[in-house]
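> What follows is a structure written as structure tokens; I'll ask about it next.
Values quoted throughout were computed directly from the atomic coordinates according to the rules given, and no laboratory measurement underlies them. None of the values given here were measured: they were computed from a predicted structure. Methodologically, a virtual Cβ is constructed for each residue, glycine included, from the backbone with ideal geometry; neighbour enumeration extends over all protein chains shown.
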Amino acid sequence: MPISSMQRVSIVAHRRKEAEILALLQDLGVLEIAVEEGFAFEGEKPPVATEEVERTLSEIRYCLDFLERYRRDKPSFLESFFPKPLEVTKEEFLQCCFNHSPVYRACASLEEQLNGIRTTLNRLMAHLEFLSRFEHLPIPLENLGETRYTRSILLEIPLEKKAHLESKLRERGLLWFCETFPSRGRNVVVFLVAHRDFLPHLEEVLQEIGATPVVLPQAFEGTPKEASERIRVRMEELAREREKLLEKAALYARFERDLKLAHDYYASLLERRRKEQEILHTRETVVISGWVRAEDMEKLEQSLKALGNEWVLFARDPQPGESVPIDLRNGSWTKNFEVLTRLYGLPNYWELDPTPFLAPFFFLFFGICLGDVIYGLILALLGFLAPGFLKVPDGTRRFFHMLGWGGVASILVGMGTGSWLGDTFDHLPKALSAVTSFKRSLTVIDPITNPLPMLIFSLLLGLVQVLVGLFVSFVKEWRRRNYASAIMDQLGWFAFLLAIVVYIGSTQFALLKPFALPFLVGTALFLVATQGRQKKNPVMKVLSGILSLYGVISYLGDVLSYSRLFALGLSSSIIAILARTLGVLFGSSPYIGWLIGLLVALLFNVFNLVMSSLGAFVHSARLQYVEFFTKFYENGGKEFQPFSYRTKYVKVQ
């Protein structure tokens, strides 16, 4: 059965058995602890302290992030996406006693020092940038400012403003002295000394010409060039100090395994503490409620017996309307396509799992969209072999296998349509003519020269899937005992659409002619008679029934959406042909033309494989979600999450 049967269970035990039972349940991983909705219970829920575990877990995560930032041996591209889990025994996992505190304090100290150096370097870099504007100034910067009788300032102004400044100062009759030095661009640096008695007038002049005295970000000693040199020396010292700290930080990578083990140990401990908050207590007993797969009931009961007899296990079937967690159970092939259902949303417990219905359609659609033997072979090898090399989790492994099966479908469709890297295999050397003959012997439809049969085939597949969707909807309503809706709506439209197909087919097949028209008229009259059944007025019932036939346009639009399968498959083949053509064109050049042609063809084919595979996945999935699921599917289910070890880095054997 695609959706596992669930049982609502309650374990009532003596309080002194609570820790043992929780440890057993976490080890078994078969019970999702959840308090029953509306359960009346007169007892207590003692507070469970989680702050200390949360703090410890946060510190360990900080250490792991620190090691990831400062490690010298960076993981490869593939390892960063698919890290290999640490394989440990259950005894090693449960007896984790690594003291992370010294590592945490050391990492925090190193981080603080590195941040301090980083801040200082940024500040010194800004100072260096500032001083570079005045590198031609031969005057010590400490001379800027006020003395007993004078004030010295620096101005950075456009060259054309210098004469204007001097004329303004002369007009005011001020006592002043200035010297000009080059700066960046069209600006000049003006070193200006004025008598203190004339400072108010000097400020007025500066305001008139739009000049502002340069403000030093800090006190500098010596000329700008000398100050810049001292800053560079200091920056080199800090860089050496930072390098030493980075080397020291990299040494802590030796604790990575212990930290990852400790992380998952405390994550599992935190999970246990949180589940303890959902356990009901009396003075002498505890009540642990939740959901168990029916197939795991015996395993749970036998495991509890090993703890003695101070417990009682109650079990019942789910009640209608109750929120029941979902555990999808499909066959080994169908299970690979569960990722599509999960992307859309899990079904609720009381309806059908759509995975067995969508799997064959997605398989075919993906193959039609990619539609090339060589592309399919590459994708199949990648999908089936990569999970073994990368040691990926089960969910990722199934996704890869789904792509692998899509590659298999592409091989089959490519054989039927004669697409082997487009038409590359039609241009093989004479020595390989047997390969070309074999390829042509398998070709059934050539969509390049005769696209109509492939388009019709795609539309027929769409019609079949729409009819399957209506039939599944009929089964769903029948199981819910909504017999009127099942027969008058789902079965009625199923028969009417089938009648249209039979009527169209009768123009080509004489065998269908005797009953095609009566079948069509009969199903149409059935819809007219039933689709307006909600109306009380007899006339409105008939009018509503007649208007309901307009719904065939919606179904027609759904079927036409499947023409994208033909279009995507055709584009994949055409781009592959273009890749070969460009390769031959560039390859005809002298000397290294063959190499250029090979690279061009290779790049085009890689691009085509990636983009066509992406398009095949997206559009095949879209047809399931938009055209198929809308006929019968209601999501909203919650995934079954049994109480178990919560691991991110570790695989407990």
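> How high is the relative contact order of the stretch 145-215? Use alpha-carbon pairs under 8 Å, at least six apart in sequence, and give a whole percent. Each step should come with its number before you reach the end.
Working: 102 pairs, mean separation 30.7, N = 71.
Over the stretch 145-215, the number comes to 43 percent.
> Please list, or write none, the aspartates and glutamates whose alpha carbon is within less than 13 Å of the alpha carbon of residue 335, excluding same-chain residues fewer than 8 places away.
List returned: 327, 353, 394.
> Oh, and also: How many angstrom lie between the C-alpha centres of the stretch 564-589 and the stretch 436-478?
That distance is 24 Å.
> Hey, another quick one. By per-residue mean of other Cβ atoms within 10 Å, what is the highest-first order of 419-429, 152-162, 563-573? Walk me through the numbers on the way to the answer.
On the way: 419-429: 18.6, 152-162: 17.0, 563-573: 21.7.
So the order, starting with the most tightly packed, is 563-573, 419-429, 152-162.
> Hey, another quick one. Lys and Arg at +1, Asp and Glu at -1: add these up for the other residues within a Cβ distance under 11 Å of residue 196 and post the number. Working shown, then result.
Details: positive: 148, 151; negative: 146, 197.
Net charge around residue 196: 0.
> If you don't mind, there's one more thing I want to ask. For the stretch 333-472, just the Cα atoms, rotate onto the principal axes and tell me the three extents in Å, largest first.
For the stretch 333-472, the Cα extents along the three principal axes come out at 61, 41, 16 Å.
> Per-residue counts of other Cβ atoms within 10 Å, averaged by peptide: what ranking do you get for 366-378, 213-225, highest first?
Values: 366-378: 26.2, 213-225: 14.3.
In decreasing order of mean packing, 366-378, 213-225 become 366-378, 213-225.
> Straight-line reach from residue 439: which lysines have a Cα under 20 Å away, not including same-chain ones fewer than 8 places off?
430
> Report, in debye and to the nearest 20, how large the dipole of the chain comes out about its Cα centre when Lys and Arg carry +1 and Asp and Glu carry -1 on their Cβ. Don't skip to the answer; put the middle values down first.
Values: 73 positive and 71 negative charges, 287 e Å.
For this selection, approximately 1380 debye.
> Continuing with the same structure: With each pseudo-label sitting 7 Å past Cα toward Cβ, what's the residue 298-residue 257 distance in nm, one decimal?
Using points 7 Å along Cα→Cβ, the separation is 4.0 nm.
> Quick check on the chain: helices-only [θ] at 222 nm, where DSSP H runs of length 4 and up contribute -39,500 (n - 2.57) each and the sum goes over total residues. Nearest 500, please. If you can, show how the numbers build up before the last one.
On the way: 22 runs with 365 residues, N = 653.
The per-residue figure over the chain is -18500 deg cm²/dmol.
> Report the FRET efficiency, 1/(1 + (r/R0)^6), for residue 246 and residue 24, where r is their Cβ-Cβ distance and R0 is 56 Å, rounded to 0.05. Mind dumping the intermediate values first?
Working: r = 47 Å, r/R0 = 0.83.
Computed FRET efficiency for residue 246 and residue 24: 0.75.
> Report the FRET efficiency, 1/(1 + (r/R0)^6), for residue 48 and residue 382, where r is their Cβ-Cβ distance and R0 is 56 Å, rounded to 0.05. It would help to have the intermediate numbers written out before the result.
Working: r = 47 Å, r/R0 = 0.84.
After rounding, the FRET efficiency stands at 0.75.
> Round to a whole angstrom and tell me the spacing of the C-alpha centers of the stretch 335-370 and the stretch 249-277.
Cα centres, the stretch 335-370 to the stretch 249-277: 36 Å.
> Also: In whole Å, largest first, what are the principal axis extents of the Cα atoms in the stretch 452-544?
Result, largest extent first: 47, 28, 20 Å.
> Counting alpha carbon pairs within less than 8 Å and at least 6 residues apart, what relative contact order, in whole percent, applies to the chain?
23 percent
> Quote the FRET efficiency, to the nearest 0.05, computed for residue 112 versus residue 230 with a Förster distance R0 of 25 Å and r equal to the Cβ-Cβ distance.
E(calc), rounded to 0.05, equals 0.45.
> Hey, how much of the P(r) for the stretch 193-243 falls beyond 13 Å, as a percent of Cα pairs? Each step should come with its number before you reach the end.
On the way: 922 of 1275 pairs.
Counting pairs separated by more than 13 Å, the tail of P(r) holds 72 percent.
> Same structure again: Any chance you could list P(r) for the stretch 248-403, counting all Cα-Cα pairs in 10 angstrom bins from zero, rounded to whole %?
Each 10 Å bin holds this share of Cα pairs: 8, 20, 26, 23, 17, 6, 1.
> Largest first and in whole Å, give the semi-axes of the stretch 233-277's equivalent ellipsoid, each being the square root of 5 times a Cα gyration tensor eigenvalue. Before the final figure, lay out the partial values.
Numbers: eigenvalues 327, 30, 3 Å².
Semi-axes (√(5λ), whole Å): 40, 12, 4.
> Follow-up. Which distance in nm do the two modelled labels at residue 58 and residue 560 give, with both placed 7 Å along the Cα-to-Cβ direction?
5.9 nm
> Could you calculate the contour length gain from residue 426 to residue 143, that is, 0.36 nm times the residue separation minus the distance between their Cα atoms, to one decimal place in nm?
Numbers: separation 283, 0.36 × 283 = 101.88 nm, distance 8.54 nm.
My answer for the length gained is 93.3 nm.
> Per the Debye formula with a single identical scatterer at each Cα and no solvent contribution, what log10 I(q)/I(0) holds for the chain at q = 0.06, 0.07, 0.10 Å⁻¹?
After summing over all Cα pairs, the log10 values are -0.68, -0.82, -1.08.
> Calculate the spin-label point distance for residue 509 paired with residue 126, positioning each point 7 Å from the Cα along the beta-carbon direction, and give it in nanometres.
Each label point is offset 7 Å from its Cα along the Cβ direction, giving 8.1 nm.
> How big is Rg to Rh over the stretch 85-170, alpha-carbon atoms, Rh as the Kirkwood inverse-mean-distance radius?
1.47
> Continuing with this model, one more query. Within the stretch 1-28, name every residue whose backbone N is under 13 Å away from a label modeled 7 Å from Cα of residue 317 along the Cβ vector.
Residues 5-8 qualify, since their backbone N sits under 13 Å from the label point.
> Right, something else. Do the alpha carbons of any pairs in 275/299; 17/299; 275/391 sit beyond 26 Å of each other, and which pairs? Don't skip to the answer; put the middle values down first.
Working: 275/299 21 Å; 17/299 19 Å; 275/391 30 Å.
Pairs exceeding 26 Å: 275/391.
> Dividing the convex hull volume of the alpha carbon atoms of the stretch 145-215 by its residue count, what do you get in Å³ per residue?
Taking the convex hull of the Cα positions in the stretch 145-215, it is 79 Å³ per residue.
> Mind ranking 252-263, 592-603 by how tightly packed they are, going by the mean number of other C-beta atoms within 10 angstrom, highest first? Could the numbers behind the result be given before it?
On the way: 252-263: 18.8, 592-603: 15.0.
Put in order of decreasing packing, that is 252-263, 592-603.
> Quick check: from the Cα gyration tensor, does the stretch 507-649 come out rounded (a/c under 1.5), prolate or oblate? Please list the in-between numbers first.
Numbers: a/c = 4.21, a/b = 1.72, b/c = 2.45.
Because a/c hits 1.5 or more and a/b fails to exceed b/c, the stretch 507-649 counts as oblate.
> Which of the three applies to the stretch 122-163, rounded, prolate or oblate, going by the alpha-carbon gyration tensor with a ≥ b ≥ c and a/c under 1.5 meaning rounded?
Cα axes put the stretch 122-163 in the oblate bin.
> With an 8 Å cut-off on Cα pairs and a minimum separation of 6 or more residues, tell me the relative contact order of the stretch 43-191 in percent. Kindly include the intermediate steps, with their values, before the conclusion.
Details: 66 pairs, mean separation 27.6, N = 149.
Reported relative contact order: 18 percent.
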